[in-house]
Amino acid sequence: MSHFMEISPYQINDNTFELVGRDWALVTAGTKENFNTMTISWGGMGIMWNNPVAFTFIRPQRYTYEYLEKGELMSLCFFDDSFRKALSYCGSHSGRDVDKVKETGLTPAFTDDGVPYFEEARLVLICRKLYAQDLNADSVIDPAVFQCYGENDYHRMYINEIIRVLKR
């Protein structure tokens, strides 16, 4: 973490619509011995239950889902544009089938309590799960949402407290 400085979540100046929707992020969970990462482009940040939080949405068939379910902590890593190819790879290949770290050249790092993240990130959110709930068809108000769920493979929503922010 020597290349990073720690800031408060309230000091994040980035536009969250750009961060998540256009820049994408890697959500990473697991341990030093065994972790997985995947690209996300849906989610957000805000305040919930008086805490700064990040909202993430993960489909149950994703390999990273298993890691998120097992552990309490995870990271969200945001990169500059030069890493777009690596993020695209991590979003289109399963960690069940390939070694994403080897294939992308990203450098894993770990917080003192073992949360995996990547050295190349420009912004890292270390998060602790507060809440999880499966999205479902019965709760959909606008039928246009169904276009995103051709196979009824609804995401699980996680509300994650942002407990640390590391910034370059």
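The values are calculated or read from the model by the stated rules, or taken from the named source; none is laboratory data. Keep in mind that what you see is a predicted model, and the values were worked out from it rather than measured. Cβ: placed from backbone, ideal geometry, glycine included. Neighbour counts: every protein chain shown.
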- prompt: Does Asp97 satisfy being modelled with pLDDT of 95 or more and assigned to a loop (DSSP other than H, G, I, E, B)?
  reply: yes
- prompt: Within region 1-13, how many residues are outside any strand (DSSP E or B), modelled with pLDDT of 95 or more and surrounded by 14 or more Cβ atoms within 10 Å (Cβ to Cβ)?
  reply: 3
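Does Lys85 satisfy the criteria of being assigned to a helix (DSSP H, G or I) and either under 25 Å from Glu6 (Cα atoms) or out of contact with any helix residue (DSSP H, G or I) (no Cβ under 9 Å at 6 or more places or on another chain) (or both)?
In short, no.
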When residues of region 148-158 are limited to those that are touching a Leu at 6+ places or on another chain (Cβ under 8 Å) and either charged (D, E, K, R) or more than 15 Å from Ala29 (Cβ to Cβ) (or both), the one surrounded by the most Cβ atoms within 10 Å (Cβ to Cβ): His155
- prompt: Somewhere in region 51-70, is a residue of a type in the set (Phe, Trp, Tyr), within 12 Å of the chain's Cα centre (by Cα) and farther than 20 Å from Thr31 by Cα?
  reply: yes
- line: For region 110-148 the number of residues that are within 20 Å of the chain's Cα centre (by Cα), within 24 Å of Leu87 (Cβ to Cβ) and not in a strand (DSSP E or B) is 9
- line: Only one of Phe83, Phe78 is buried (at least 21 other Cβ atoms within 10 Å of the Cβ), closer than 23 Å to Pro9 by Cβ and over 15 Å from the mean Cα position of the chain (by Cα), namely Phe83
task: Go through region 26-76 and tell me which strands (runs of 3 or more DSSP E), entirely inside it, have 2 or more residues that are over 22 Å from Glu119 (Cβ atoms) and of a type in the set (Gly, Ala, Ser).
output: 43-48
- prompt: Which ones in region 36-64 are surrounded by fewer than 18 Cβ atoms within 10 Å (Cβ to Cβ) and either in contact with a His (Cβ under 9 Å, 6 or more places away or on another chain) or of a type in the set (Phe, Trp, Tyr) (or both)?
  reply: Trp42, Trp49, Phe55, Phe57, Arg59, Pro60, Tyr63
message: Quick test for you: out of Ile141, Ile58, Ile126, pick the one residue that is of a type in the set (Val, Ile, Thr) and over 23 Å from Ile163 (Cβ atoms).
response: Ile141
